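A short reminder: the numbers here are calculations on the coordinates, not readings from a lab. Please read all numbers here as calculations on a predicted model, not as lab measurements. Reconstructed Cβ throughout: ideal geometry from the backbone, glycine too, with neighbour counts over all protein chains shown.
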């Protein structure tokens, strides 16, 4: 279905929009019944089914003046695909709920769908259904399903003596957000990192196969998410500043804003790097050791930096 360039959702109608969006998404071999019925039917060959859901609300998680519809599609897909990755699995199928004002351009919705589909294509995942409804605010809800062929890696398995390691770009999206928040568009590499994260989609499975004891997707901030591992495992985590090499673009933003550029790495989210703990000697290629796991102190599980509490922000706070 082809719409005029200035068509809105009200012009397209619910089912016209659904038909147009459905046409964007190819179906993989795991899909027995895709969009069009009351529910999708998927084939699961072996292992465990993994499910996660995320929301994106305009004005809180994204702004249309900061990122194109296609960028928002990439971001929405990436944050969900990464959740399955953090369990040591591989995402296979997703559904999308779209609540939007009636005057939202149809082209925005279609561009969003194309960005979402392109991100899913990186790992062969399919959009198998969803829903659309009218709302005063633009809200995107995504549910992802995937599979683990081995036991899923939880947040609760870290043990004293393990090392803490990271895989993927970290701090770049936070630097880009800081730049956009000041009304600038450079360094462009950081702005693009915020608009289109690059999760290490193969790293989760490889970490699980190497014997990772705990793992998490860094979506809210490295220290904040390390805190989830510490709490879940009943341990303490110490992160070493010397383990990080601050790239030039982050140094430039730190200098321009009068901020310690390391804070983007320690407290930044939205790059969707993976943080994991491993027994000594088990860290796979592509991962960098950044700290260690110790026994919880008398006050319980904690996250420290170079053995001391971190005085700055540790990550995104939702409420």
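Take every pair of alpha-carbon atoms less than 8 Å apart whose residues are at least six positions apart; their mean separation over the length of the chain yields a relative contact order of 21 percent.
Spin-label model, residue 188 to residue 46: label points 7 Å out along the Cα-to-beta-carbon direction sit 4.7 nm apart.
How much of the DSSP beta bridge set in the chain is antiparallel, as a percent to the nearest 5? Of those bridges, close to 75 percent are antiparallel. Take the Cα of residue 282, step 7 Å toward its Cβ, do the same at residue 10, and the gap between the two points is 5.9 nm.
The Cα center of the range 1-40 and the Cα center of the range 121-193 differ in position by 25 Å. Listed from fewest to most Cβ neighbours within 10 Å, the set 145, 222, 42 follows the order 42, 145, 222.
Ellipticity at 222 nm from helices only: DSSP H runs of n ≥ 4 in the chain, each -39500 (n - 2.57), divided by the residue count, give -9000 deg cm²/dmol.
Please arrange 236, 156 by counting, for each residue, the other beta carbons lying within 10 Å of its beta carbon, fewest first. Mind dumping the intermediate values first?
Numbers: 236 21, 156 14.
The most exposed by this proxy come first: 156, 236.
The structure-derived value of Cα extents along the principal axes in Å appears in the list (i) 72, 46, 36; (ii) 69, 45, 39; (iii) 60, 50, 33 under the label (iii).
DSSP bridge analysis restricted to the range 72-139 gives an antiparallel fraction near 10%, rounded to the nearest 5.
Comparing 299, 220, 248 in a Gaussian network model of the chain (Cα springs below 10 Å), the most mobile by mean-square fluctuation is 299. For the range 163-305, averaging the sequence separation of C-alpha pairs within contact (under 8 Å, six or more residues apart) and dividing by the residue count gives a relative contact order of 45 percent.
Counting neighbouring Cβ atoms within 10 Å and putting the fewest first, the residues 103, 238 line up as 103, 238.
Working from Cα pairs under 8 Å separated by at least six residues, relative contact order for the range 49-179 is 38 percent.
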